[in-house]
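Here is the structure we will look at, set down as structure tokens.
The values are calculated or read from the model by the stated rules, or taken from the named source; none is laboratory data. Please read all numbers here as calculations on a predicted model, not as lab measurements. Please note: Cβ atoms are built from the backbone with ideal geometry, for glycine as well, and neighbour counts cover all protein chains shown.
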Amino acid sequence: MLEDKFGRRFHYLRLSITDVCNFSCEYCLPNGYQCDTPRDFLRLEEIRKIATAFANLGTSKIRITGGEPSLRKDLPEIIQACASTPGIEHVAITCNGYKLPEQISSWVDAGLSSLNVSIDSLDPRMFAAITGHDKLKTIIQGIEIALELGIKVKVNAVLMRHFNRNELDSFLDWIKEKPVTLRFIELMQTGDNKLFFDQNHTSGLPIKERLLDNGWQQIEQNKTAGPAQEFTHKDYKGNIGLIMPYSKDFCATCNRLRISALGKLHLCLFSEQGLDVRQFLLDNSGQRLQEELVSLLADKKSTHFLHDGYTGATKHLAMLGG
């Protein structure tokens, strides 16, 4: 089992397969994608080896991320490779939903377990202003198809003071009859968004207080769950999640590691650097990769140091998929 010196166990791998994104979200890529890295992304066979190595070390959940993972034409094959790996019980994907209606069926057929989609506003004009694309209707249509196919759906909304701070009631109305988990994520500072962060960061704590005051109950999470605090209410089909990386002891329950699209291990979203493990994929047995993962995990820190304004090597969230 992958375990660090603080006793945290890592059941969950976030696997980036591209850093390319076709959206230009204000908090991530306001000027659109800039090709500033080699586009030698992990190949399918390399992904198989990574999935196997992590599974052999106790990981049971893989989330495929980007950039925008649906831009890879071999995404169904990647999902299938992860889902068919012995020991991997859950394969998820985080995407922007740009072509969700036409692609979701092939993902489900390949073995997808759950889907996360980013919707930062339910107002079509505000959504377009944030993302640079008038695609809200298409994305919601794709979510409906995913639900009909039996896929568990989560919707991510980044909290931004000057964009969507006043939309809580609209989101609550939406999940009244919609069986999705809506997750509000505190805006995080990255290497290139400090001014935007200073202008727009807002805490999720007031939302938590409002939920508890209005009869919402917190749900206990399982070992492969992400960092969200999740809440349920008897009058709502959907749930609410809160991801508050600036809250006390946020890192105490960390259970996930990250591999970048270039084959680098990131012990934290805000690590000082990615640690190259791609060279160990040349060993077909996978033993050297497993040994290296165990060895590198000794350097994982107790916290992300975001409170100190430290952002590590993360210039923007598209680099690692958040």
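Give the number of residues within region 287-299 that are touching a strand residue (DSSP E or B) at 6+ places or on another chain (Cβ under 6 Å) and either crowded, with 18+ Cβ neighbours inside 10 Å or at pLDDT below 90 (or both).
Of all residues in region 287-299, those touching a strand residue (DSSP E or B) at 6+ places or on another chain (Cβ under 6 Å) come to 296.
Subsequent filtering for residues that are either crowded, with 18+ Cβ neighbours inside 10 Å or at pLDDT below 90 (or both) retains none.
Qualifying residue count, region 287-299: 0.
Would you confirm whether or not region 162-185 contains a residue that is surrounded by 18 or more Cβ atoms within 10 Å (Cβ to Cβ) and farther than 25 Å from Asn214 by Cα?
no
Out of region 1-53, which residues are among the hydrophobic types (A, V, I, L, M, F, W, C), surrounded by fewer than 19 Cβ atoms within 10 Å (Cβ to Cβ) and in a helix (DSSP H, G or I)?
Once the filter is applied, which keeps residues that are among the hydrophobic types (A, V, I, L, M, F, W, C), surrounded by fewer than 19 Cβ atoms within 10 Å (Cβ to Cβ) and in a helix (DSSP H, G or I), region 1-53 yields only Leu44.
Find the strands (runs of 3 or more DSSP E) located wholly in region 216-286 whose residues include 3 or more that are surrounded by 18 or more Cβ atoms within 10 Å (Cβ to Cβ) and in contact (Cβ under 8 Å) with a residue 24 or more places away in the chain, and list them. Spell out the reasoning first.
Working: elements: 217-219, 229-232, 239-243, 256-259, 264-266.
Where strands (runs of 3 or more DSSP E) fall fully within region 216-286 and carry at least 3 residues being surrounded by 18 or more Cβ atoms within 10 Å (Cβ to Cβ) and in contact (Cβ under 8 Å) with a residue 24 or more places away in the chain, they are 239-243, 256-259.
Being surrounded by fewer than 17 Cβ atoms within 10 Å (Cβ to Cβ), in contact with an Asp or Glu (Cβ under 6 Å, 6 or more places away or on another chain) and of a type in the set (S, T, N, Q) is true for just one of Ser105, Ser84, Ser60. Which residue is that?
Answer to the selection: Ser60.
Pairs needed: first member in region 128-139, touching a residue at least 12 places away in the same chain (Cβ under 8 Å); second member anywhere, surrounded by fewer than 16 Cβ atoms within 10 Å (Cβ to Cβ); C-beta distance under 6 Å; at least 6 residues apart or different chains.
Note: pairs meeting the criteria are Gly132/Ser24; Leu136/Pro124.
Those residues that are over 12 Å from Met160 (Cβ atoms) and either at pLDDT below 95 or touching an Asp or Glu at 6+ places or on another chain (Cβ under 7 Å) (or both), I need them from region 178-197; list them, please.
Thr181, Gln189, Thr190, Gly191, Asp192, Lys194, Leu195 - these are the residues of region 178-197 that are over 12 Å from Met160 (Cβ atoms) and either at pLDDT below 95 or touching an Asp or Glu at 6+ places or on another chain (Cβ under 7 Å) (or both).
Name the single residue, out of those in region 67-87 being free of Cβ contacts under 8 Å to residues at least 40 places away in the same chain and small (Gly, Ala, Ser), that is nearest to Phe41 (Cα to Cα).
The extreme case among them is Ser70.
Since Ile145 meets every condition but one in (1) surrounded by fewer than 21 Cβ atoms within 10 Å (Cβ to Cβ); (2) out of contact with any Asp or Glu (no Cβ under 6 Å at 6 or more places or on another chain); (3) farther than 26 Å from Ala81 by Cα, which condition does it not meet?
Single failed check for Ile145: (3).
The conditions are (1) among the polar types (S, T, N, Q); (2) under 18 Å from the mean Cα position of the chain (by Cα); (3) at pLDDT 95 or above, and Asn22 fails exactly one of them. Which is it?
(3)
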